[in-house]
Amino acid sequence: MPISLDLVTFGLLALSGITAASFAVAHRRPLLGAFALLISALSVAALMAIFLRAPIAAVALISLQGALAAAIYVFSVSTLDDGQLAGQIDKGRTGPSRARAVAVGAVTAGFVIMVAVAFFDAGSSMRIVPAASDSTSGDLFASRALVPFVITGFVLLAALVGIFQGMRAPSEEGERSL
Amino acid sequence: MSMPIYPFVITAFVLFGIGLSGAILRRNGLALLLSSQIAFSGCYLALAAFSAAHGETGVPTLLVVAVGAAQAVVTLAMVINMKHRRQSMDVTEANELKW
């Protein structure tokens, strides 16, 4: 594949997304982790909007991750003390156990295999093709994608019930009776 | 603008691997939430790439993003509730089944 502006743009966005993702996973400060999550989501959304012709999904992704980062920020500032905000939440950790190291090694090996498959199989035949317009996407919600749309609505409704159930204040009487 | 699909698939795999590694290695509730969202981002990217490769719209990706939003808010509610109940966000301390 020759070097082009598309390739350079893709490389920069992918690199920023992966770097921010690594930072979000590895960093101990929750506020910086939420900020890194937002940067990673912006990079992925840019890839989706520019190259994959999915601007609506990209906007939804930015809205989701932005709201989540804001919620983590508010929760961290209002609930955690100074030590926890400074990254002392995981204090006392002695390092990964053997089982965890094996799991990480297995995951890494799996990625190497999948990347090899992606390189030598899918890359030779599958290419990005022009997708349908946004108006067609809107029509899909009322036709072919109607059932998944309704199911997603029920999932979100169940999540709303789950939020209220999960946020319920602990009551001693209720805990004993259960 | 015609790019092959494999750079997107590789990026999605790497993002998913980073998120999965974080979910395995970290034990803080907020860190688990961030890691799961990173892994979800990889899934979104792979789904959008394969949708574009088959000439589909972004509608499937949009629906999966909505389900991911449900997962995120429920997980955040669980983390907040755990912090209020146990004064800790260490998920290894939550080792009792309620029912």
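The mean number of partner chain beta-carbon atoms within 10 angstrom of a residue's beta-carbon across peptide A:9-21 is 4.
Exposure proxy ranking for A:V59, B:V14, based on other Cβ atoms within 10 angstrom of each Cβ and starting from the fewest, stands as A:V59, B:V14.
Estimated from helices alone, the mean residue ellipticity of chain B at 222 nm is -26000 deg cm²/dmol (sum of -39500 (n - 2.57) over DSSP H runs with n ≥ 4, per residue).
Over all Cα atoms in chain B, the spread is summed up by Rg and Dmax: 16.6, 55 Å. Judged by the gyration tensor of its Cα atoms, with axes a ≥ b ≥ c, segment A:1-77 is oblate; a/c meets the 1.5 cut and b/c is at least as large as a/b.
Taking other Cβ atoms within 10 Å as a rough exposure proxy, A:I151, B:I38, B:I5, A:I50 sort from fewest to most as A:I151, A:I50, B:I5, B:I38. Only the Cβ atoms of Lys and Arg (+1) and of Asp and Glu (-1) were treated as charged; on that basis the dipole of chain B about its Cα centre amounts to roughly 320 debye. For the segment A:37-43, counting C-beta atoms of other chains within 10 Å of every residue's C-beta and taking the mean gives 3.
Read the figures in this text as sums done on the coordinates, not as results from a lab. All of these numbers come straight from a predicted model, not from anything done at the bench. Here Cβ is always computed from backbone atoms with ideal geometry, including for glycine, and neighbour counts include all displayed protein chains.
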